[in-house]
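Asks: Please see the structure below; I have some questions.
The values are calculated or read from the model by the stated rules, or taken from the named source; none is laboratory data. This is a predicted model, so every value here is computed, not measured. Here the Cβ positions follow ideal geometry from the backbone for every residue, glycine too, while neighbour counts run over all protein chains shown.
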Amino acid sequence: MPLGKVSIARFADGEIHVRFDENARGVDAFVLQPTSHPVNEHLMELLIMLDALRRASAGRITAVMPYYGYARKDKKDAPREPITGRLVADLLTTAGADRVLTMDLHAGQIEGFFNIPVDHLRALPLFADYLREKNLPDPVVVAADDGAVKRSKQLADRLDLPLAIVFQRRVGRDAKETVQVVGEVEGRTPVMIEDIISTARTIVGAVDVVMRQGARPQVYVCATHAVLAGPARERLARDEIQEVVVTNTIPPPPGPSLPKLTVLSAAPLLAEAIRRIHLDQSVSMLFT
Ligand code: R5P
């Protein structure tokens, strides 16, 4: 389908202006916007587009967010902190979203922040298919931290592989200190799966641990959302990391390319979900 016609501009003071240049009355609108870097710009642009469509009497408005930013603050870890995952849900609903289509939320519970339908797709089957074809020598799925256990177990179960878990202790907002590994990794090829690679600190912390435990220095790293903030590229460039497999839920952020980066397309999955939502068909088969 062609994209809808929309003009997005900036006022002199930097505020965003949106105008749809075709009739939106009664349409089934899908607004595609990953709220990735620059996250505040992208989020505000999305909210304004939703508002414009609502005021133009669109029939139904779906916010398609391949990457849902601000999700990592999904609970209060300390007094007087916000829950931005919930705040974004409220903003989307207030702006006019009737439903949300997204992929690999940082935490599944974020669906419960909404009182509108949320279709939550997973990239894990894409990674599993890709890895299966690699025929890696003695692979072991390694959860890079305790937050990655569920996703890692799902991958291990799907590929019928053993699982190991690295426990890391958080010592600052973007910093983690590694403490121990549970499971057998010696002589094996580690495969790690994450929802997000931001600074890559979690991943390289886990790589350090499995290397000390005698794992093969050919780690495969999978992550749905390649945020690649700050020092991520340099960290991922280290020799022990054989390949970094991500999806295209986020456009590549500015910066040097990473030669060992493989990008799998999430587009067919999202497109099929959009088609099914439009036709009021079940999307649940896409979740597996
Ligand atoms: C954490 O809770 C996430 O699942 C990722 O492990 C984390 O956000 C990755 O961040 P970074 O790449 O900065 O370690």
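Asks: Taking segment 188-237, which residues are in a loop (DSSP other than H, G, I, E, B) and near the ligand (Cβ under 10 Å from one of its atoms)?
Replies: Listed by number, the residues that qualify are Ser198, Thr199, Ala200, Val227, Leu228, Ala229, Gly230, Pro231.
Asks: Which condition number does Val31 fail, the rest of (1) surrounded by 12 or more Cβ atoms within 10 Å (Cβ to Cβ); (2) over 26 Å from Tyr70 (Cβ atoms); (3) touching a Ser or Thr at 6+ places or on another chain (Cβ under 8 Å) being met?
Replies: With (1) surrounded by 12 or more Cβ atoms within 10 Å (Cβ to Cβ); (2) over 26 Å from Tyr70 (Cβ atoms); (3) touching a Ser or Thr at 6+ places or on another chain (Cβ under 8 Å) applied to Val31, the lone miss is (2).
Asks: Here's something else I'd like to know. Leu46 passes all but one of (1) buried (at least 21 other Cβ atoms within 10 Å of the Cβ); (2) over 21 Å from Met1 (Cβ atoms); which number fails?
Replies: (2)
Asks: Within segment 128-173, can you find the residues that are assigned to a loop (DSSP other than H, G, I, E, B), within 16 Å of the ligand (Cβ to nearest atom) and without any contact (Cβ under 8 Å) to a residue 40 or more places away in the chain?
Replies: Initially, segment 128-173 is screened for residues assigned to a loop (DSSP other than H, G, I, E, B), giving 135-138, 144-145, 160-162, 171-173.
Filter again for within 16 Å of the ligand (Cβ to nearest atom), leaving 144-145, 171-173.
Matches in segment 128-173: Val171, Gly172, Arg173.
Asks: Related question: Identify the residue in segment 189-218 that is of a type in the set (A, V, I, L, M) and in contact (Cβ under 8 Å) with a residue 60 or more places away in the chain and, among all such residues, is surrounded by the fewest Cβ atoms within 10 Å (Cβ to Cβ). Show your work before the answer.
Replies: Step one: filter segment 189-218 for residues of a type in the set (A, V, I, L, M), giving 191-193, 196-197, 200, 203-204, 206-207, 209-211, 215.
When the remaining residues are screened for being in contact (Cβ under 8 Å) with a residue 60 or more places away in the chain, the result is 191, 193, 196, 206, 210, 215.
Working: Val191: 25, Ile193: 26, Ile196: 22, Ala206: 28, Val210: 26, Ala215: 24.
This residue is Ile196.
Asks: Which members of segment 238-248 meet the condition of being surrounded by fewer than 21 Cβ atoms within 10 Å (Cβ to Cβ) and assigned to a strand (DSSP E or B)?
Replies: If the condition is that a residue be surrounded by fewer than 21 Cβ atoms within 10 Å (Cβ to Cβ) and assigned to a strand (DSSP E or B), then Gln242, Glu243 are the ones that fit.
Asks: Among the residues of segment 39-86, write down those that are more than 30 Å from Leu279 (Cβ to Cβ) and of a type in the set (S, T, N, Q).
Replies: Asn40, Thr84 - these are the residues of segment 39-86 that are more than 30 Å from Leu279 (Cβ to Cβ) and of a type in the set (S, T, N, Q).
Asks: Pick from Asp160, Asp138, Asp129: which is acidic (Asp, Glu), surrounded by 13 or more Cβ atoms within 10 Å (Cβ to Cβ) and at pLDDT 95 or above?
Replies: Working: Asp160 fails: surrounded by 13 or more Cβ atoms within 10 Å (Cβ to Cβ); Asp129 fails: surrounded by 13 or more Cβ atoms within 10 Å (Cβ to Cβ).
It is Asp138.
Asks: Would a scan of segment 167-175 turn up a residue that is buried (at least 18 other Cβ atoms within 10 Å of the Cβ) and at pLDDT below 95?
Replies: Within segment 167-175, the first condition is being buried (at least 18 other Cβ atoms within 10 Å of the Cβ), and the residues that meet it are 168.
Going one step further and asking which of them are at pLDDT below 95, we end up with 168.
Yes: one or more hits.
Asks: Considering segment 89-109 alone, what residues qualify as being buried (at least 23 other Cβ atoms within 10 Å of the Cβ) and within 16 Å of the ligand (Cβ to nearest atom)?
Replies: Thr102, Met103, Asp104, Leu105
Asks: If you check Asp195, Asp160, which single one turns out to be of a type outside the set (Ser, Thr, Tyr) and over 20 Å from the mean Cα position of the chain (by Cα)?
Replies: Exactly one of Asp195, Asp160 is of a type outside the set (Ser, Thr, Tyr) and over 20 Å from the mean Cα position of the chain (by Cα), namely Asp160.
Asks: Related question: On the basis of being of a type in the set (D, E, K, R), farther than 26 Å from Ala271 by Cα and in contact with a His (Cβ under 7 Å, 6 or more places away or on another chain), does Asp74 make the cut? Spell out how you get there, then give the answer.
Replies: Values: of a type in the set (D, E, K, R): yes; farther than 26 Å from Ala271 by Cα: yes; in contact with a His (Cβ under 7 Å, 6 or more places away or on another chain): yes.
Yes, satisfied.
Asks: Can you say whether Val39 is in contact (Cβ under 8 Å) with a residue 24 or more places away in the chain, under 22 Å from Pro253 (Cβ atoms) and not acidic (Asp, Glu), as far as the supplied structure shows? Can you show your working first?
Replies: Numbers: in contact (Cβ under 8 Å) with a residue 24 or more places away in the chain: yes; under 22 Å from Pro253 (Cβ atoms): yes; not acidic (Asp, Glu): yes.
Criteria met by Val39.
Asks: Quick one: in segment 249-260, which of the residues that are surrounded by fewer than 17 Cβ atoms within 10 Å (Cβ to Cβ) and within 20 Å of the chain's Cα centre (by Cα) is nearest to the ligand (Cβ to nearest atom)? Outline the logic, then answer.
Replies: Within segment 249-260, the subset surrounded by fewer than 17 Cβ atoms within 10 Å (Cβ to Cβ) is 251-257, 259-260.
Then drop every residue that is not within 20 Å of the chain's Cα centre (by Cα), which leaves 251-255, 257, 260.
Working: Pro251: 18, Pro252: 16, Pro253: 13, Pro254: 18, Gly255: 15, Ser257: 18, Lys260: 16 Å.
Here the residue is Pro253.
Asks: Confirm whether Val179 is surrounded by fewer than 20 Cβ atoms within 10 Å (Cβ to Cβ) and part of a strand (DSSP E or B). Before you say what the answer is, go through the steps one by one.
Replies: Numbers: surrounded by fewer than 20 Cβ atoms within 10 Å (Cβ to Cβ): yes; part of a strand (DSSP E or B): yes.
Judged against the criteria, Val179 is a match.
Asks: A further question on this structure: What pairs come up if the first residue lies in segment 71-83 and is among the charged types (D, E, K, R), the second is within 11 Å of the ligand (Cβ to nearest atom) and at pLDDT below 95, and their beta carbons are under 7 Å apart, counting only those six or more places apart or on different chains?
Replies: Taking only residues 6 or more apart or on different chains, the pairs are Arg72/His106; Asp74/His106; Asp74/Ala107.
Asks: Please work out if Val181 is touching a helix residue (DSSP H, G or I) at 6+ places or on another chain (Cβ under 7 Å) and over 27 Å from Gly69 (Cβ atoms). Break it down into steps so the answer makes sense when it comes.
Replies: Details: touching a helix residue (DSSP H, G or I) at 6+ places or on another chain (Cβ under 7 Å): yes; over 27 Å from Gly69 (Cβ atoms): yes.
Yes, satisfied.
Asks: Write out, first by first residue and then by second, each pair whose Cβ atoms fall under 6 Å of each other, whose residues are 6+ apart or on separate chains, and whose first residue, in segment 107-125, is without any contact (Cβ under 8 Å) to a residue 40 or more places away in the chain while the second is among the β-branched types (Val, Ile, Thr).
Replies: Listed pairs, sorted by first residue: Glu111/Val118; Ile116/Thr93; Val118/Val100.
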